[in-house]
Amino acid sequence: MNKDVPDNPRTLGETVTAEIRRKLVGGELVPGQRLSEAALSESLDISRNTLREAFRVLTQEGLLKHEPNRGVFVSVPDMASIIEIYRARRFIECQALAQAYPKHPAVKRMREAVKAAQRSAELPDWGAVGTANMVFHAAIVELADSQRLNTFYGHLSAELRLVFGLLNDAEFLHAPYIDMNAAILEHLEAGRPQDAAKALDAYLVQSERTILAAYARRGS
């Protein structure tokens, strides 16, 4: 990126916002972390004004939090947020999967994500398994062929990764879902989207219970 004023400042601002959101989804930024304007503007090669605009947008999305006289911090999700995130996931993902076409291009991305998770588990690199899992579920949403849903789910994914970031045991968090993702993919590729959607619904219920229980233990 370049500090020179671009022809379209809004496009630059959106690019920076998307890059910070990507860092959140990738687990590079963790809940409660203070974000240094100086360090981020230097690493992204942008002005502080552009960075502050990105901060403003991400704060509106609930991903960042501005504390007067202290700075900008990565948000820490609460239990109500977790419940709301999973409610939205079940509504969007299960519907997208139930009506999916088995030859949709997004199915290939689902398959690649499953393989990436399996390879990462063998290393083991559980953070990478978590990232592959996020890609898998984003591909499920792509089955709906709606850019609005894709954009919304991108924001939701960043919130979800913050939830994951609250928990210390990444293997416990991600390992059970590698085979579940593979089973969902198998149903879909065999032309059984309704079975895939039912399996995903059960998956999300289990995942939500696991996250809420771990969150409660963390609080106590």
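The values are calculated or read from the model by the stated rules, or taken from the named source; none is laboratory data. All figures in this text were calculated on a predicted structure; none of them were measured in a lab. A quick note on method: Cβ atoms are made from the backbone with ideal geometry, for glycine too, and the neighbour counts reach across all protein chains shown. Side chains included, ligands, DNA and RNA excluded: accessible areas come from the protein's heavy atoms. Shrake-Rupley method; radii C 1.70, N 1.55, O 1.52, S 1.80 Å.
Please pick out the residue among Ala128, Ala106, Ala121, Ala113 that is within 14 Å of the chain's Cα centre (by Cα), at pLDDT 95 or above and open to solvent by less than 60 Å² (accessible area, probe 1.4 Å).
Ala113
Applying the selection to segment 142-153, what residues are basic (Lys, Arg) and open to solvent by less than 70 Å² (accessible area, probe 1.4 Å)?
Answer for segment 142-153, where residues must be basic (Lys, Arg) and open to solvent by less than 70 Å² (accessible area, probe 1.4 Å): there is none.
Within segment 185-199, does at least one residue satisfy the condition of being under 26 Å from Val76 (Cα atoms) and either open to solvent by 40 Å² or more (accessible area, probe 1.4 Å) or within 12 Å of the chain's Cα centre (by Cα) (or both)?
Looking through segment 185-199, none of the residues is under 26 Å from Val76 (Cα atoms) and either open to solvent by 40 Å² or more (accessible area, probe 1.4 Å) or within 12 Å of the chain's Cα centre (by Cα) (or both).
Residues that are out of contact with any His (no Cβ under 6 Å at 6 or more places or on another chain), of a type in the set (Val, Ile, Thr) and more than 15 Å from His104 (Cβ to Cβ): does segment 183-196 have at least one?
no
Restricting the first residue to segment 85-96 and requiring it to be over 13 Å from Ser157 (Cα atoms) and assigned to a helix (DSSP H, G or I), which pairs with a second residue that is open to solvent by 20 Å² or more (accessible area, probe 1.4 Å) and not small (Gly, Ala, Ser) meet a Cβ separation below 6 Å and a spacing of at least six or different chains?
Note: pairs meeting the criteria are Cys94/Asp201.
Taking the conditions exactly as written (more than 27 Å from Pro31 (Cα to Cα) and in a helix (DSSP H, G or I)), does Glu112 satisfy them or not?
yes
Please work out which residue is nearest to the chain's Cα centre (by Cα), limiting yourself to segment 161-184 and to residues that are of a type in the set (D, E, K, R) and modelled with pLDDT under 95.
If we take residues in segment 161-184 being of a type in the set (D, E, K, R) and modelled with pLDDT under 95, then Arg161 is nearest to the chain's Cα centre (by Cα).
Determine which single condition Ala139 fails, assuming it passes every other condition in (1) open to solvent by 50 Å² or more (accessible area, probe 1.4 Å); (2) closer than 20 Å to Arg119 by Cα.
Single failed check for Ala139: (1).
Could you list, in sequence order, all residues of segment 35-55 that are open to solvent by less than 40 Å² (accessible area, probe 1.4 Å) and in a helix (DSSP H, G or I)?
Correct list: Leu40, Ser41, Leu44, Thr50, Leu51, Ala54, Phe55.
For a quick check of your reading of the model, give me the residue pairs whose first member lies in segment 188-208 and is in a helix (DSSP H, G or I), whose second is among the acidic types (Asp, Glu) and buried (at least 17 other Cβ atoms within 10 Å of the Cβ), with beta-carbon atoms closer than 8 Å and at least 6 apart or on different chains.
Cβ pairs passing all conditions: Leu200/Glu93; Leu204/Glu93.
Could you please tell me which pairs satisfy a Cβ distance under 9 Å, a separation of 6+ or placement on different chains, a first residue in segment 132-150 that is closer than 25 Å to Leu173 by Cβ, and a second residue that is in a loop (DSSP other than H, G, I, E, B) and hydroxyl-bearing (Ser, Thr, Tyr)?
Taking only residues 6 or more apart or on different chains, the pairs are Leu143/Tyr101.
Counting just the residues of segment 56-74 that are in contact (Cβ under 8 Å) with a residue 12 or more places away in the chain and part of a loop (DSSP other than H, G, I, E, B), which one comes out farthest from the chain's Cα centre (by Cα)?
Checking each candidate, the answer is Arg70.
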